[in-house]
1. Consider only pairs whose beta carbons are under 8 Å apart and that are at least six residues apart or on different chains; among these, list those whose first residue lies in segment 114-138 and is farther than 15 Å from Gly14 by Cα and modelled with pLDDT of 95 or more and whose second residue is in a helix (DSSP H, G or I) and polar (S, T, N, Q).
2. Residues being closer than 12 Å to Leu13 by Cβ and hydrophobic (A, V, I, L, M, F, W, C): count how many of those fall in segment 70-89.
3. Determine the pairs where a residue that is more than 15 Å from Leu119 (Cα to Cα), located within segment 59-87, has a partner that is among the charged types (D, E, K, R) with Cβ atoms under 6 Å apart, the partner being 6 or more residues away or on another chain.
4. When you go through (1) closer than 17 Å to Ala102 by Cβ; (2) of a type outside the set (A, V, I, L, M, F, W, C); (3) buried (at least 16 other Cβ atoms within 10 Å of the Cβ) one by one for Ser78, which number turns out not to apply?
5. Which residue pairs have Cβ atoms under 6 Å apart, sit 6 or more places apart or on different chains, and have a first residue in segment 31-48 that is within 11 Å of Leu105 (Cα to Cα) and a second that is surrounded by 14 or more Cβ atoms within 10 Å (Cβ to Cβ) and of a type in the set (Ser, Thr, Tyr)?
Amino acid sequence: MHSILKNILAILLGFIIGSIVNMLVINMGHSIFPIAGIDINNLEVLSKIMPTLDFNYFIFPFLAHALGTLVGAFVAYSISDINKTTSALAIGIIFLLGGITANYLITGPIWFTITDLLLAYIPMAWIGKKIAQSVSKK
């Protein structure tokens, strides 16, 4: 397979698998910390209630963003042929753009927005790359 095509496939698969991990963790969080009487699919209602929620309601969204990015970057790095680091960091950038959009659409506390955007995406993509590097050396 041509290297460029393989890298595109690696990023696509990293995004898909990372998104699946993200949604699984989000759904797990909603089952552990349900928001009573709220339709979590209604962004307007969710955006209004988010600033009033306790810290525990933000654990799983952060974990979802961080773990989804980490797994996606791991997958992209592992599958890529050339520019492996670029593929892993591309996942971090793609998920960061999604995080910026999500934080814009669902207004939460500023502490969560800052923590989420600074720690859940690019650093996790880097860690996913490092884990994939160490696994591939063995």
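1. These pairs meet every condition: Asp116/Asn103; Leu117/Asn103; Ala120/Thr69.
2. Adding up the residues that qualify gives 6.
3. Matching pairs, first to second residue: Tyr77/Lys84; Tyr77/Lys129; Asp81/Lys6; Thr85/Lys129.
4. Among (1) closer than 17 Å to Ala102 by Cβ; (2) of a type outside the set (A, V, I, L, M, F, W, C); (3) buried (at least 16 other Cβ atoms within 10 Å of the Cβ), Ser78 violates only (1).
5. Matching pairs, first to second residue: Ser47/Thr107.
Residues checked against (1) at pLDDT below 95; (2) out of contact with any strand residue (DSSP E or B) (no Cβ under 8 Å at 6 or more places or on another chain); (3) over 23 Å from Trp126 (Cα atoms); (4) hydroxyl-bearing (Ser, Thr, Tyr):
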{"site": "Ile4", "(1), (2), (3), (4)": "yes, yes, no, no"}
{"site": "Leu13", "(1), (2), (3), (4)": "no, yes, no, no"}
{"site": "Gly18", "(1), (2), (3), (4)": "no, yes, no, no"}
{"site": "Ala36", "(1), (2), (3), (4)": "yes, yes, yes, no"}
{"site": "Ile40", "(1), (2), (3), (4)": "yes, yes, yes, no"}
{"site": "Ile49", "(1), (2), (3), (4)": "yes, yes, yes, no"}
{"site": "Ala64", "(1), (2), (3), (4)": "no, yes, no, no"}
{"site": "Gly72", "(1), (2), (3), (4)": "no, yes, no, no"}
{"site": "Ile82", "(1), (2), (3), (4)": "yes, yes, no, no"}
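Matching residues to (1) over 16 Å from Ala64 (Cβ atoms); (2) surrounded by fewer than 19 Cβ atoms within 10 Å (Cβ to Cβ):
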residue: Lys84; (1), (2): yes, no
residue: Gly98; (1), (2): no, yes
residue: Thr101; (1), (2): no, yes
residue: Leu105; (1), (2): no, yes
residue: Thr115; (1), (2): no, yes
residue: Ser136; (1), (2): yes, yes
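The values are calculated or read from the model by the stated rules, or taken from the named source; none is laboratory data. As the structure is a prediction and not an experimental result, all values here were calculated from the model. So basically every Cβ, Gly included, is an ideal-geometry build from the backbone, and we count neighbours across all protein chains shown.
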